[in-house]
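The values are calculated or read from the model by the stated rules, or taken from the named source; none is laboratory data. Only a predicted model underlies this, so the values are computations on that prediction, with no experimental measurement involved. For neighbour counting, all protein chains shown are included, and Cβ atoms are generated from backbone atoms with ideal geometry for every residue, glycine included. These area figures cover heavy atoms from the full protein model, side chains too; ligands, DNA and RNA do not enter into them. Shrake-Rupley method; radii C 1.70, N 1.55, O 1.52, S 1.80 Å.
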Amino acid sequence: MPTFQAEEAVHYDNRITRLVPGYELLHQLTTAQLQVLLPEQAQILVVGAGTGKELMMLASQQPQWQFVAQDISADMLAIAHQAAVAAKVDDRITFLPTPLVRGQRQYDAVLCLLVLHFLPDNGDKADLLAAMASQLKVGGQLFLADLMAPHSGFEREAQLTVCKTLGLSDVGVERMRHNLTHEFYPLDNMRLAELLDNAGFDTAKPYFQALGFAAITSRALP
Ligand SMILES: C[S@@+](CC[C@H](N)C(=O)[O-])C[C@H]1O[C@@H](n2cnc3c(N)ncnc32)[C@H](O)[C@@H]1O
């Protein structure tokens, strides 16, 4: 997994839009669904909040939503905090720079965008999904986006071609080619369904796909 520390954190915002085709659209579609789904007052947990992309988009949509922004990288969260102060929404966000543990069923929605694919399927993915399920109110909605297992033999190569079109350098493309096989633990849909079921979520509903990157929503069961 990338470290998401120091320089990697500083350069994240510039790099991510060249690495994830449709990054902006993924966040717009996630935000739109939360706008129609959640009431005026809601508690939202953002897991792997990074530099604050989803926080900034959501906080600007609804002035009463409250957030907990969790991430294991304090450097990424420090950038998110700066952005929140600049946007004057920091009073609605609690920053949590520690691993997520199981907790009370208090959140109306949980977001986990571009995070779970970095965890090996050795119990780590299951633990994070279970921690998220434990914190969601019954019926609360998970929004999950990940790099998935390739659907064809040419999908990954096409993804690298898009990255180049998006402005990634030749060196960056080669690094991404290496990272796609060495730093991600992508699931296929069947295994994702199994992990969601085991954690206490209902059937996944897809809402985004851009080559290997896909997003689903799923409700927390009683
Ligand atoms: C690709 S970034 C995504 C950030 C943000 N969600 C976005 O869409 O821009 C992945 C983030 O997940 C964080 N992360 C990695 N493993 C994590 C874990 N087990 N729990 C919480 N955050 C984690 C990293 O520190 C990093 O900030």
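Details
- Residues of the stretch 98-152 that are away from the ligand (no atom under 11 Å from the Cβ), among the hydroxyl-bearing types (Ser, Thr, Tyr) and touching a residue at least 12 places away in the same chain (Cβ under 8 Å): Tyr107, Ser134.
- Within the stretch 120-158, the set of residues being touching a Phe, Trp or Tyr at 6+ places or on another chain (Cβ under 8 Å), open to solvent by 40 Å² or more (accessible area, probe 1.4 Å) and not in a strand (DSSP E or B) comprises just one member, Asp121.
- Check on Lys53, basic (Lys, Arg), more than 10 Å from the ligand (Cβ to nearest atom) and modelled with pLDDT of 95 or more: no
- Per-region count, the stretch 89-119, residues charged (D, E, K, R) and assigned to a strand (DSSP E or B): 1
- Among the residues of the stretch 63-79, those identified as surrounded by 19 or more Cβ atoms within 10 Å (Cβ to Cβ) and within 16 Å of the chain's Cα centre (by Cα) are Phe67, Val68, Ala69, Gln70, Asp71, Ser73, Met76, Leu77.
- Test: residue in the stretch 197-209 that is part of a helix (DSSP H, G or I) and without any contact (Cβ under 8 Å) to a residue 60 or more places away in the chain: yes
- Residue pairs whose Cβ atoms lie under 9 Å apart, separated by 6 or more positions or on different chains, with the first residue in the stretch 63-89 and over 21 Å from Gln41 (Cβ atoms) and the second basic (Lys, Arg) and open to solvent by less than 70 Å² (accessible area, probe 1.4 Å), are Ala80/Lys53; Ala83/Lys53.
- Yes/no for Gln82 being open to solvent by 70 Å² or more (accessible area, probe 1.4 Å) and either under 28 Å from Ala6 (Cα atoms) or assigned to a loop (DSSP other than H, G, I, E, B) (or both): yes
- Scanning the stretch 1-49 for residues that are surrounded by fewer than 19 Cβ atoms within 10 Å (Cβ to Cβ), assigned to a loop (DSSP other than H, G, I, E, B) and near the ligand (Cβ under 9 Å from one of its atoms) gives Met1, Pro2, Thr3, Gln5.
- Any pair with Cβ under 6 angstrom, 6 or more apart, that starts in the stretch 168-196 at a residue that is among the aliphatic types (A, V, I, L, M) and ends at one that is open to solvent by 80 Å² or more (accessible area, probe 1.4 Å): Leu168/Arg18; Val173/Lys164
- Enumeration of residues in the stretch 85-111 that are surrounded by fewer than 13 Cβ atoms within 10 Å (Cβ to Cβ), among the hydrophobic types (A, V, I, L, M, F, W, C) and closer than 17 Å to Gly50 by Cα: Val85, Ala86
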